[in-house]
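Right, one structure below, let's go through it.
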Amino acid sequence: MIKRLEAHVANQIAAGEVVQRPSSALKELLENAVDSGADKIEVHLNDGGKQLIRVVDNGQGISREDLPLSIERHATSKLTTADDLFRLQTKGFRGEALASIASIAQVRIQSKTASAEDGYALSAQGSDPIDIQPVSSVPGTVVTVQHLFYNIPARRQFLKSATVELKHCLDEFHRLVLVHPDIAFVLHHQNEVLFQLPKATVKQRITQVFGQKYAEKLVPISEQTPLVGISGFVLKPDMAKKSRGMQYFFVNDRFIKSGFLHHAVLQAFEGLVASGTHPGYFIYLQVDPARLDVNIHPTKTEVKFDDEQGIYAILRSAVKHSLGQFQVAPILDFDKDPNLDTPYAYQSKNPVYPKIEVDRNFNPFNEQNTAFKPKQTAQWETLYSFGDDPQRESLAHFESRQTSLEGWEAETQSAFTSFQWEKKYIITKHQSALLVIHQSRAHQRVLYERLLAQMTIEKAGSQTLLFPLTLGLGVAQKTVLATMRGDLQAIGFEFDADSIDCVLGIPIDVQPQDAAQVLIQLVDDLESIENTGFSPVDRMAQLMSKTMSITTGKVLSSDEQLGLINDLFSCKEPDFSPDRKPVFVTITAEDILKKFNL
Ligand code: ADP
Ligand code: MG
């Protein structure tokens with residue numbers, strides 16, 4: 001038997017597409033506020049938006065007659081024919097957001113148009129009849145959404161912690177405020193002001209949101225072609241980050257995700273950023289709405305361009321051009337150990353210096369030399385020679401000596417119990433087997449167990465920094481970090497009472513130069529922390545051990561090797577690194593016999 005679904009059931013099903021979490025409801029409310037023509041928009045969130053989302057605008061308002069329609073499905077004031085889809089100036093057009101939200105949350109819409117004498121408030125809850133009352137109010141609209149998914153426990157259960165949901169809300173907020181610098185925004189969470197953004201230019205808005213330190217890191221891009229107009233900024237290559245945070249494309253004032261546009265930017269940055277790091281950008285594209293389909297996805301974050309290839313090429317060259325024009329020099333040292341690039345066989349070889357032959361009679365201004373060819377070689381060789389400087393010589397030897405056979409013999413005593421191989425493994429024996437220990441993973445395991453013990457059992461020691469460390473976190477990041485304050489203090493971090501951005505002390509085991517990275521990574525990783533099922537404390541210990549551990553390529557003295565082996569085998573679980581990778585392999589006498597075909 002086929003039955004027509006009741007309207008509120010149909011809406012609930014549709015809501016699944018539009019509203020996944022508080023941030024998606026916030027996005028819809030913010031877009032409606034922008035569409036209303038407001039120039040001031042205020043957001044209030046409680047409990048990461050799970051308990052309350054309120055958006056207040058000073059826009060055109062909704063009339064008494066339109067109020068009930070606003071929460072009706074497929075009711076919109078923004079388009080009448082399908083053709084309008086290709087002339088869109090507004091963010092909304094599907095007329096389903098409020099209907100969807102009202103089917104899964106308690107909604108109150110209070111509004112007053114400029115011409116009306118009174119304001120009216122509509123309350124809607126599930127399939128209950130809606131209620132409309134006159135209220136005194138100022139022109140504009142206040143939409144309050146409470147208890148998202150209160151009637152669908154299965155969906156509510158999937159929501160993450162308030163901190164994670166708040167982070168998603170702030171992401172949506174960023175995406176919107178960055179395209180509307182001409183609108184003033186305020187955002188509160190639990191009655192605390194997190195953002196206060198007066199009207200500004202795009203550049204000012206970026207720094208309002210992410211911090212003043214970005215001001216001199218923004219390289220402007222600008223390109224006007226019949227196909228596409230491009231404006232905005234890329235971040236200088238030295239700001240490239242390990243996480244893909246600051247990557248924003250806006251098409252006709254709408255935040256979108258686009259793999260192919262992203263690729264175009266990456267191409268332009270090629271050779272300028274280290275592999276594994278991501279360049280940042282805020283790129284605003286304008287295209288003819290008739291040549292763009294925004295209606296391919298309910299949340300409207302994906303679009304389809306008529307001429308993808310053309311836009312790709314123009315974008316890539318525009319970014320390249322800006323990077324060149326603003327003389328963003330290539331960064332050559334990507335913090336990487338150059339020794340890793342040297343083939344092992346060469347590491348113990350003494351460098352051979354180029355022989356220098358200087359033609360002391362050479363005079364470039366000499367008539368005879370106008371052709372400039374014959375003596376050129378001699379000239380450039382002088383430039384690159386080291387001369388006989390003995391100090392340079394010893395410096396050049398230094399690296400190679402560590403792995404040379406000579407050094408090995410001198411340390412025969414302790415080398416009987418362990419030696420380092422490829423600057424990566426420690427080889428030792430255990431009963432009748434050989435152990436090949438991955439030095440970095442071993443150290444991670446040791447640090448991890450130590451950190452965990454400190455976090456869960458003892459109050460760890462802290463070293464007070466001579467110069468407090470400023471992290472330069474954005475507001476969103478600070479909020480996330482603040483939720484971890486207790487755990488972080490337990491392991492020895494000390495923060496300024498007024499600002500979590502200012503670090504006064506760090507755990508004994510942490511190197512001051514690593515401290516900022518550890519903390520920033522923690523913040524960026526918060527969501528994965530919740531998804532992995534590890535406890536936050538556990539994940540924190542994992543991350544910190546990874547950041548703090550010795551790496552591949554580090555030469556270890558015999559004492560250090562032995563110390564590490566001892567520490568490793570006093571661990572509870574020496575076999576695995578904190579992220580469950582093997583720490584060592586065992587080669588038994590039998591394995592070797594087999595190799596010899598015995
Ligand atoms: P859409 O935005 O796609 O039209 P919505 O469900 O988001 O659909 O909103 C339905 C209608 O309610 C809008 O078309 C608009 O007329 C009205 N509306 C919603 N929010 C506001 C607001 N903040 N100010 C003025 N009108 C609003
Ligand atoms: Mg809308």
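The values are calculated or read from the model by the stated rules, or taken from the named source; none is laboratory data. From a predicted model like this one, the values you see are computed outputs, not experimental measurements. With ideal geometry, Cβ positions are generated from the backbone for all residues, glycine too; neighbour counts draw on all protein chains shown.
A few points about this structure:
- Search result, residues across segment 556-580 that are surrounded by 14 or more Cβ atoms within 10 Å (Cβ to Cβ) and either outside any helix (DSSP H, G or I) or small (Gly, Ala, Ser) (or both): Leu556, Ser558, Cys571, Pro574, Phe576, Ser577, Pro578, Asp579
- Condition broken by Gln431, with the remaining ones in (1) polar (S, T, N, Q); (2) modelled with pLDDT under 80; (3) touching a helix residue (DSSP H, G or I) at 6+ places or on another chain (Cβ under 9 Å) satisfied: (3)
- Filtered by the rule that a residue be buried (at least 20 other Cβ atoms within 10 Å of the Cβ) and over 29 Å from the mean Cα position of the chain (by Cα), segment 432-456 gives Leu435, Ile437.
- Complete set of residues in segment 1-38 that are in a helix (DSSP H, G or I), more than 30 Å from Pro139 (Cα to Cα) and out of contact with any Ser or Thr (no Cβ under 6 Å at 6 or more places or on another chain): Ala7, Val9, Ala10, Ile13, Gly16, Glu17
- Counting only strands (runs of 3 or more DSSP E) wholly contained in segment 73-148, the ones carrying 3 or more residues that are under 22 Å from Glu42 (Cβ atoms), out of contact with any Gly (no Cβ under 6 Å at 6 or more places or on another chain) and at pLDDT 95 or above occupy 106-112, 119-125, 140-146.
- Taking each residue of segment 79-95 that is within 16 Å of Lys27 (Cβ to Cβ) and looking for partners that are in a helix (DSSP H, G or I) and within 7 Å of ligand 1 (Cβ to nearest atom) with beta-carbon atoms closer than 8 Å, six or more apart or interchain, yields Thr90/Asp35; Lys91/Glu31; Lys91/Asn32; Lys91/Asp35; Gly92/Glu28; Gly92/Glu31; Gly92/Asn32; Gly92/Asp35.
- The residue that is nearest to ligand 1 (Cβ to nearest atom), counting only those in segment 39-66 that are in a helix (DSSP H, G or I) and buried (at least 20 other Cβ atoms within 10 Å of the Cβ), is Gly49.
- The residues of segment 265-290 that are in contact (Cβ under 8 Å) with a residue 24 or more places away in the chain and more than 22 Å from the chain's Cα centre (by Cα), listed by number, are Leu285, Gln286, Val287, Pro289, Ala290.
- Selection from segment 25-38 of residues that are more than 9 Å from ligand 1 (Cβ to nearest atom) and surrounded by fewer than 23 Cβ atoms within 10 Å (Cβ to Cβ): none
- Residue count, segment 401-428 (criterion: at pLDDT 50 or above, more than 24 Å from Ser545 (Cβ to Cβ) and either in a helix (DSSP H, G or I) or not polar (S, T, N, Q) (or both)): 2
- Val18 within 11 Å of ligand 1 (Cβ to nearest atom), in contact with a strand residue (DSSP E or B) (Cβ under 7 Å, 6 or more places away or on another chain), assigned by TED's automatic domain parsing to the domain that holds Pro139 and β-branched (Val, Ile, Thr): no
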